[in-house]
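J.: Take a look at this one; I'll ask things after.
The values are calculated or read from the model by the stated rules, or taken from the named source; none is laboratory data. Predicted model only: the values in this text are computed from it and were never measured. Methodologically, a virtual Cβ is constructed for each residue, glycine included, from the backbone with ideal geometry; neighbour enumeration extends over all protein chains shown. Ligands, DNA and RNA are excluded from the accessible area calculation, which covers all protein heavy atoms including side chains. Shrake-Rupley method; radii C 1.70, N 1.55, O 1.52, S 1.80 Å.
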Amino acid sequence: MLHLIKLSVGPKDVAQLAAIQKERLRTDPPLRAWTRMFPKRIEEVCAGGSIYWVVAGFVRVRQRILEIREEEWDDGTPCAALVLDPTLVLVEARPMKPFQGWRYLKPEEAPADVSRERPAPVGLELLPPKLRRDLAELCLI
């Protein structure tokens, strides 16, 4: 199994990414993300791999890649269509510098999913709003 990592260009947060994808799924199913370069290791990626999205400078969420197929841009240029599971899975945020295209991501290097069993933080509402925002941007809360 092998993952991909890619910048989500445009959305400022995971909620905005989810809204864009929900509309795209409604108007043009199945849910796909397109990229110019084809992965050479398609079988490994499609054997349980995910795409990890970098949103606003942090790896924040992933989606299972169900299939990779050849499609065309509007101008007829071939591209790779990554067919995605619509479920967004939050991962432990990790800062990531900008890069072009996508990269392979080994499973052992991928951020862990956010655990649902982890207890919710207590007392965050007592912090000043600016401090909460700053801590959230640093992925500390």
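J.: Let me know the charge dipole size of the chain about its Cα centre in debye, to the nearest 20, where only the beta-carbon of Lys, Arg (+1) and Asp, Glu (-1) is charged.
T.: Details: 22 positive and 20 negative charges, 81 e Å.
That gives a dipole near 380 debye.
J.: Suppose all protein chains stay in the model; what accessible area per residue would a 1.4 Å probe give for the chain, in Å²?
T.: Numbers: 9110 Å² over 141 residues.
Ligands and nucleic acids excluded, the result is 65 Å² per residue.
J.: Efficiency by 1/(1 + (r/R0)^6): what FRET value for A56 and T35, r their Cβ-Cβ distance, R0 = 22 Å, to the nearest 0.05?
T.: Numbers: r = 20 Å, r/R0 = 0.90.
It comes to 0.65.
J.: As I understand it, the value is the acute angle between the Cα axis of helix 14-27 and the longest principal axis of the Cα atoms of the chain; what does it come to in degrees, rounded to 10?
T.: Relative to the chain, helix 14-27 is tipped by roughly 30 degrees.
J.: Report the full-extension gain for the segment S115 to A81: residue separation times 0.36 nm, less the Cα-Cα distance, to one decimal in nm.
T.: That pair, S115 and A81, stretches by 9.3 nm at full extension.
J.: For a test of understanding, tell me how many lysine pairs in the chain have Cα atoms under 25 Å apart, given they are 8 or more places apart or on different chains.
T.: For the chain, the number of qualifying lysine pairs is 11.
J.: Hey, any idea what % of the chain's accessible area is carbon plus sulfur with a 1.4 Å probe?
T.: On the way: 5140 of 9110 Å².
Carbon and sulfur together cover 56 percent of it.
J.: Run the numbers for T27 and L131: contour at 0.36 nm per residue of separation, minus the present Cα-Cα distance, in nm. Before the final figure, lay out each step's value.
T.: Details: separation 104, 0.36 × 104 = 37.44 nm, distance 3.94 nm.
In short, 33.5 nm is gained.
J.: May I ask which residue of W102, M1, L131 lies farthest towards the positive end of the charge dipole of the chain, with charges of +1 (Lys, Arg) and -1 (Asp, Glu) on Cβ and the Cα centre as origin?
T.: Towards the positive end, the residue furthest out is L131.
J.: Continuing with this model, one more query. Assigning unit charges at the beta carbon (Lys, Arg +1; Asp, Glu -1) and nothing else, what dipole magnitude in debye, to the nearest 20, does the stretch 42-117 show about its Cα centre? Don't skip to the answer; put the middle values down first.
T.: Numbers: 9 positive and 14 negative charges, 100 e Å.
In total the dipole reaches around 480 debye.
J.: Remind me, relative contact order of the chain in percent, using alpha carbon pairs under 8 angstrom and six or more residues apart?
T.: Details: 235 pairs, mean separation 38.8, N = 141.
Dividing the mean separation by the residue count of the chain yields 27 percent.
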